[in-house]
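Colleague: Structure below; questions to follow.
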Amino acid sequence: MPALSPREILDRLVAFPSVSRDSNLPLVDWVEGYLADHGIASVRVPSPCGTKAHLYAQVGPAVDGGVILSGHSDVVPVDGQEWDTDPWTVIEKDGRLYGRGCCDMKGFDALAIAALVEGAGRPLNRPLQLALSYDEEVGCMAVADLVRAMVDVLPKAAAVIVGEPSMMKVVTGHKGGVGIRCHAHGFEVHSSRLPYGVSAIMESARLIQWANDRNAENMARTPAPLAAEFDPPWTTLHVGMIEGGTAHNITARDCRFVMEMRVVPGENPETWRDAALAEGARISAAMQAIHPGTGIDMDPMFRVPPLTPEAGGAAERLARRLTGDNGTHVVSYGTEGGQFQVIGGYSTVVCGPGDIAQAHQANEFLDVAQFEAGWQFMQGILDDLAA
Ligand SMILES: [Zn+2]
């Protein structure tokens, strides 16, 4: 099979409706087969349930100092979105490539796969590695297994490029994230007998007020240098959904909400998660003193480390040299980059084609010019690895 162009690979990838809730194995099968057709062995890291897999591969000599191209294979759903074209077919119109995932981030995936195949035919002095993950769009948690597998097996790369859409700017930092699903269990009595009941809503409000107090505290503090580039330059705690109760005159038996935290580099998401759990336990103990069996169940949903800017790190130097971008960029969205940094100890930046504003939208698109700039970037990486 002749090598496909990046655009032809993009057509293939977008045709797999690899929504996070579904299996990504058909897409992985195709990538694995395509790479194998070009003499490139790849390795799967299966999900615990077996319905999904990460994939990694390497071309070039098995020595340290290479580059990892990191992309995710999953996309967000199209349910309820008004698309003008079939989201699972790439349509080129007015200099744009429309389709689910074109921007976030099958455009970068296609470039990375094409670069790997081209790299296999070139005399590289250091390797090019591909890291293709699942479940990025549902909290970036799964990639930890992929990072561990690559660190264990492959020679250590000098730089990781996470190709999330950044308009090919070099993004050196983002906040981390924590999500905690909370379910307060109260005890129902007529509200006229308030002290004998436990209102799940009123008790939840204590935990939410704790979050408000932390925000006020964080805001009042002078930001640490690593946090100062962000807006706002402090860790935020937020409850965006809440439901509970049955009637205005019954102490609520149930209240459910989700607490989300956006943690600045330099602070530890686990510390914040543990602080919330400790406060929940304190409130639960007080609830149980009134009536046994009550309390707040707190179920951590995700925990994503921040991407911490590395002053003059290898990934930053490489990406700046190839893109010519010397600006300072931190972003508000999360990526898998923090795990590469924290778990793998890799120097990591985010740099990829397209605008995050188009991600997750109906009529998601990638500018052809961005796709071409991304391909130039890949050529630069190959030239660098061959030098
Ligand atoms: Zn993405």
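Colleague: So for the chain: antiparallel DSSP bridges make up what percent, rounded to the nearest 5? Could the numbers behind the result be given before it?
Modeller: Numbers: 47 of 63 bridges.
Antiparallel bridges make up about 75 percent of those DSSP assigns within the chain.
Colleague: Enumerate the calculated ³J(HN,Hα) couplings along segment 306-318 in order (Karplus 6.51 cos²θ - 1.76 cosθ + 1.60, θ = phi - 60°), each rounded to whole Hz, writing x wherever the residue is Gly or Pro.
Modeller: These are the phi-based 3J(HN,Hα) values: x, 8, 9, x, 10, 4, x, x, 4, 5, 5, 4, 4 Hz.
Colleague: Taking a ≥ b ≥ c as the square roots of the Cα gyration tensor eigenvalues, with a/c under 1.5 meaning rounded and otherwise prolate when a/b beats b/c, else oblate, which class fits segment 1-54?
Modeller: Working: a/c = 3.55, a/b = 1.40, b/c = 2.53.
Oblate.
Colleague: Tell me, what ³J(HN,Hα) does each residue in segment 73-80 have, in order and in whole Hz, if you take phi through Karplus 6.51 cos²θ - 1.76 cosθ + 1.60 with θ = phi - 60° and put x for Gly and Pro?
Modeller: 8, 8, 10, 7, x, 10, 3, x
Colleague: Between ARG122 and TYR196, what is the label-point separation in nm under the 7 Å Cα-to-beta-carbon projection?
Modeller: Distance between the two pseudo-spin positions: 7.9 nm.
Colleague: Also: List the relative contact order of the chain as a percent without decimals, with contacts defined as Cα pairs under 8 Å and 6+ residues apart. It would help to have the intermediate numbers written out before the result.
Modeller: On the way: 903 pairs, mean separation 94.4, N = 387.
RCO, the chain: 24 percent.
Colleague: Additional query: Student exercise: in the chain, how many lysine pairs 8 or more apart or on different chains have Cα atoms under 30 Å apart?
Modeller: 10
Colleague: Order 363-372, 89-98 from most to least packed using the mean count of other Cβ atoms within 10 Å. Show your work: numbers first, answer last.
Modeller: Details: 363-372: 20.5, 89-98: 16.6.
Output ranking for 363-372, 89-98: 363-372, 89-98.
Colleague: Continuing with this model, one more query. When only DSSP loop residues count, what trypsin sites (Lys or Arg not before Pro) in segment 204-294 have their Cβ near at most 12 other Cβ atoms within 10 Å? Write out the running numbers ahead of the final one.
Modeller: Numbers: sites: ARG206, ARG214, ARG221, ARG253, ARG256, ARG262, ARG273, ARG282; in loops: ARG221, ARG253.
Within segment 204-294, the qualifying trypsin sites (Lys or Arg not before Pro) (loop, at most 12 other Cβ atoms within 10 Å) are ARG221.
Colleague: Please build a GNM for the chain, connecting alpha carbons under 10 Å apart, and tell me which residue among GLY197, GLY177, GLY65 fluctuates the most.
Modeller: Checking each option, the largest mean-square fluctuation is seen for GLY197.
Colleague: Rg to Rh for segment 176-304: what is it, with Cα atoms only and Rh by Kirkwood?
Modeller: On the way: Rg = 16.2 Å, Rh = 15.4 Å.
Using Cα coordinates only, the ratio equals 1.05.
Colleague: What is the dipole size for segment 176-304, taken about its Cα centre, with +1 at each Lys and Arg Cβ and -1 at each Asp and Glu Cβ, in debye to the nearest 20?
Modeller: Details: 11 positive and 15 negative charges, 52 e Å.
Computed charge dipole of segment 176-304: roughly 260 debye.
Colleague: Mind checking the dipole of the chain: about its Cα centre, +1 per Lys or Arg Cβ, -1 per Asp or Glu Cβ, Debye to the nearest 20?
Modeller: Numbers: 29 positive and 48 negative charges, 175 e Å.
Its charge dipole is roughly 840 debye.
Colleague: Turning to a different aspect of this structure: Which whole-number percent of Cα pairs in the chain have a distance greater than 30 Å?
Modeller: On the way: 33468 of 74691 pairs.
Counting pairs separated by more than 30 Å, the tail of P(r) holds 45 percent.
Colleague: Here is a further query. Please list THR271, THR251 from largest to smallest accessible area, probe radius 1.4 Å, with all protein chains kept in place.
Modeller: Working: THR271 85, THR251 5 Å².
Sorted descending by solvent-accessible area, the residues read THR271, THR251.
Colleague: Of the options ALA247, ALA357, GLY119, report the single residue whose Cα projects farthest towards the positive end of the charge dipole of the chain (beta-carbon charges: Lys, Arg +1; Asp, Glu -1).
Modeller: So the residue we want is ALA247.
Colleague: Let me ask something additional. When the solvent-accessible surface of protein heavy atoms is calculated with a 1.4 angstrom probe, in what order do ILE161, ILE242 fall, highest first?
Modeller: Working: ILE161 0, ILE242 100 Å².
In descending accessible area the options line up as ILE242, ILE161.
Colleague: Across 5 Å bins from 0, what is the distribution of all Cα-Cα pair distances for segment 259-387, in whole percents?
Modeller: Result returned by the calculation: 2, 8, 13, 14, 15, 12, 10, 7, 6, 4, 3, 2, 2, 0, 0.
The values are calculated or read from the model by the stated rules, or taken from the named source; none is laboratory data. As the structure is a prediction and not an experimental result, all values here were calculated from the model. All Cβ positions, glycine included, derive from the backbone under ideal geometry; neighbour counts span all protein chains shown. Areas reflect the complete protein model, heavy atoms only, side chains present, ligands, DNA and RNA absent. Shrake-Rupley method; radii C 1.70, N 1.55, O 1.52, S 1.80 Å.
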